[in-house]
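Each reported figure results from applying straightforward, stated rules to the coordinates on display, with no laboratory input. Model, not experiment: these values are computed from the prediction. We place every Cβ from the backbone using ideal geometry, glycine too, and count neighbours over all the protein chains shown.
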Protein chains: 2
Amino acid sequence: MRGVIMHGPGDVRVEDRTDPVIQEPTDAIIRVTAACICGSDLWPYRGAEDPQWPIPMGHEYVGVVEEIGADVSTLKPGDFVVGSFFASDNTCEICRAGYQSRCVHATGLDGTQAEYARIPFADGTLVTVPGQPDERQVRGLLAASDVLGTGWFAAVAAEAGPGKTVAVVGDGAVGLLGVLAARELGAERIIAFSRHADRQALARSFGATHIVEERGDAGVAEVKELTGGLGAHSVVEAVGTQESMMQAIRSTRAGGHVGYVGVSHDVELPGLELFFSGVHLHGGPAPVRRFLPDLVELIMHDRIDPGTVFDLSLPIEQAAEGYRAMDERRATKVLLTF
Amino acid sequence: MRGVIMHGPGDVRVEDRTDPVIQEPTDAIIRVTAACICGSDLWPYRGAEDPQWPIPMGHEYVGVVEEIGADVSTLKPGDFVVGSFFASDNTCEICRAGYQSRCVHATGLDGTQAEYARIPFADGTLVTVPGQPDERQVRGLLAASDVLGTGWFAAVAAEAGPGKTVAVVGDGAVGLLGVLAARELGAERIIAFSRHADRQALARSFGATHIVEERGDAGVAEVKELTGGLGAHSVVEAVGTQESMMQAIRSTRAGGHVGYVGVSHDVELPGLELFFSGVHLHGGPAPVRRFLPDLVELIMHDRIDPGTVFDLSLPIEQAAEGYRAMDERRATKVLLTF
């Protein structure tokens, strides 16, 4: 099969890979019908992470079940499925508490930017989509697989809800879908930090009521100005840098909630400032699986249309161009077709 | 009046101070009937903070209202009252959300280790005690003023409750009363970290079901051992050092809650580890005022007896010896009498 491999920073190639096979009786093999490039794929691309090269890329996917292991009971070949970026049994104590990304059996995936993928703990990991999604719904489901699920978790972690003012740091796909999640959760006002006209427009389409172009302490000052000097009730952090984390914490009122999902590279949180901020801080790798059933339902009933975050669609053979476009911020989110 | 002044690290003196007077119509003057020395008073005592010397000491108190300003409506001279270490209006949006320690008018107190004290925003800050407390209840109310209220907040922030395993880092008065709070909140198991026999005994009397003597990663390993490898649901952090914070975070399962109330000196939280821990982190200066009415009721009905944390009682003229005893860990908590 064909699949995307990163050989080092900036070096993305599409190559022949061995077709995956069932290894455990709880596995399923799926034919990937669409995949995408994640903001987090840019960390190794930019040299901010140094993994064991080469690495098969991709952890977002929708597809059709091809084959199931002997112990898989909830899926059958032909089912249209969506999963998230961690395989999880969905039965352990941590999963049952809603933290499937930290399942005691949590395991990553072997690169879903490929024609086929092996999904461990298939019963726990995959969610069957009722019926046959149309093209728009496929895009939505693919978004649910990671960026929507992650933005949703961040908004939940930030306790977005009725009567709340929610601020969102980061105008990438996750941040933008954090805006959508905050709207769906009933937030009264949603402030999106963004200085890019196209992303501002998308943020507004997802429910942002205010746009703040300033960053850092100047951005914080604008949020304070909009909230009677107090700060937002809820802040979604979807970048993962020192500046973005401090902007998020400082934009939050005492007793408010920061939901952070940007992978925190080179971040050191100063203890005294955090202490006196009095905020709640919660985040980490999003337990997307917790939200997938509800998200699938919202998407299949056309209640939400998160797939509009994909602004570039490329055949998998052109994956390298997709990485370049996201790296250079020419694209917010790239969909790969097969 | 007589009052305690710290002139520099280790230099505590009892001196004549000017009697406080009403400055604002929302003030009250109280005659302090008991005060105490706080673990946080040891930070400047040990040179870990460098305030503008000299500083009047003390922020925990119970007493009798002597005089009220023109706008005070809920108190009258002769009322027995308890307050906490921040004055707060209890009417602003932040107070109404339960974060009185971050009231938009929050202000510290001018040293309550003294015969009299001026309490700003008296209606918001002070809680009237019904009837006349006996000596044991006075000790309990004095504990409620800070250490109990703080331990209680930490246990609430850690979401201690039925079915939960709660671990408590720190066997000072706040940590010990965090144990009591976890018990009152219905925790199933309570693990106290302590290597001092007297404090272990007190922890058990407050509801600890397990004692762990190891610290750091060895202590974390014992908590994991007791929790099927997962970690505690809830962890109270009541020390405020890098080691104690990391011990608390690492003792918590993914999706669990850390409630931290130790003033975080020289703490830098590593972003990536915090991210992948998946814990909830909440803490800061405890909004003791939120809990005071309930705590007063529990104490006046003899449902809890937090005053047993006081293991040394001294007349105010011997305050310096009280500081030494706490600094040298000869005393857990020192009560000052007048």
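Below are the figures for this structure:
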{"item": "Using a 7 Å Cα-to-Cβ projection, residue B:329 label spacings across copies, nm, ascending", "result": "5.2"}
{"item": "Using alpha carbons only: equivalent-ellipsoid semi-axes of the stretch B:66-209, gyration tensor based, whole Å", "result": "31, 18, 13"}
{"item": "About the Cα centre, charge dipole magnitude for the stretch A:127-275 (Lys/Arg +1, Asp/Glu -1 at Cβ), debye", "result": "380"}
{"item": "Inter-part distance where the stretch B:21-77 and the stretch B:238-263 are each reduced to a Cα centre, Å", "result": "30"}
{"item": "Summed residue charge, Cβ within 10 Å of residue B:4's Cβ, Lys/Arg positive, Asp/Glu negative", "result": "0"}
{"item": "Paired Rg and Dmax values of the stretch A:178-231, which use every Cα atom, in angstrom", "result": "11.1, 30"}
{"item": "Two-site label geometry, residue A:52 and residue B:297: point separation in nm, points 7 Å out along Cα→Cβ", "result": "5.9"}
{"item": "Reachable lysines from residue B:224, criterion Cα separation under 17 angstrom, eight or more residues apart if same chain", "result": "B:164"}
{"item": "Inter-copy spacing of residue B:31 label points, which lie 7 Å from Cα along Cα→Cβ, given in nm from shortest upward", "result": "9.0"}
{"item": "Charge tally in the Cβ shell below 11 Å around residue A:325, where Lys, Arg are +1 and Asp, Glu are -1, residue A:325 excluded", "result": "0"}
{"item": "Charge dipole magnitude, Cβ of K and R +1, D and E -1 - the protein assembly as shown, Cα centre, debye nearest 20", "result": "680"}
{"item": "Listed residues B:285, B:51, B:20, most fluctuating in chain B (Gaussian network, C-alpha, under 10 Å)", "result": "B:51"}
{"item": "Over chain B: helical MRE at 222 nm, DSSP H runs n ≥ 4 each giving -39500 (n - 2.57), nearest 500", "result": "-8500 deg cm²/dmol"}
{"item": "Among A:114, A:1, A:21 the positive-end extreme of the charge dipole of chain A (Cβ point charges)", "result": "A:114"}
{"item": "Size of chain B as Cα extents on the principal axes (Å, biggest first)", "result": "58, 39, 38"}
{"item": "The protein assembly as shown: Cα Rg divided by the 2.2 N^0.38 Å rule of thumb", "result": "1.06"}
{"item": "Rounded, prolate or oblate (a/c below 1.5 giving rounded, otherwise prolate when a/b exceeds b/c) for the stretch B:150-283 by Cα gyration tensor", "result": "rounded"}
{"item": "Shortest-first distances to equivalent copies, position residue B:132, nm, label 7 Å out along Cβ", "result": "8.7"}
{"item": "For A:279, A:179, B:21, A:104, order by how many other beta-carbon atoms lie within 10 Å, fewest first", "result": "B:21, A:104, A:279, A:179"}
{"item": "0 to 90° range, to nearest 10: angle between helix B:147-157 axis and chain B longest Cα axis", "result": "40"}
{"item": "DSSP bridge pairs, the protein assembly as shown: antiparallel proportion in percent, nearest 5", "result": "60"}
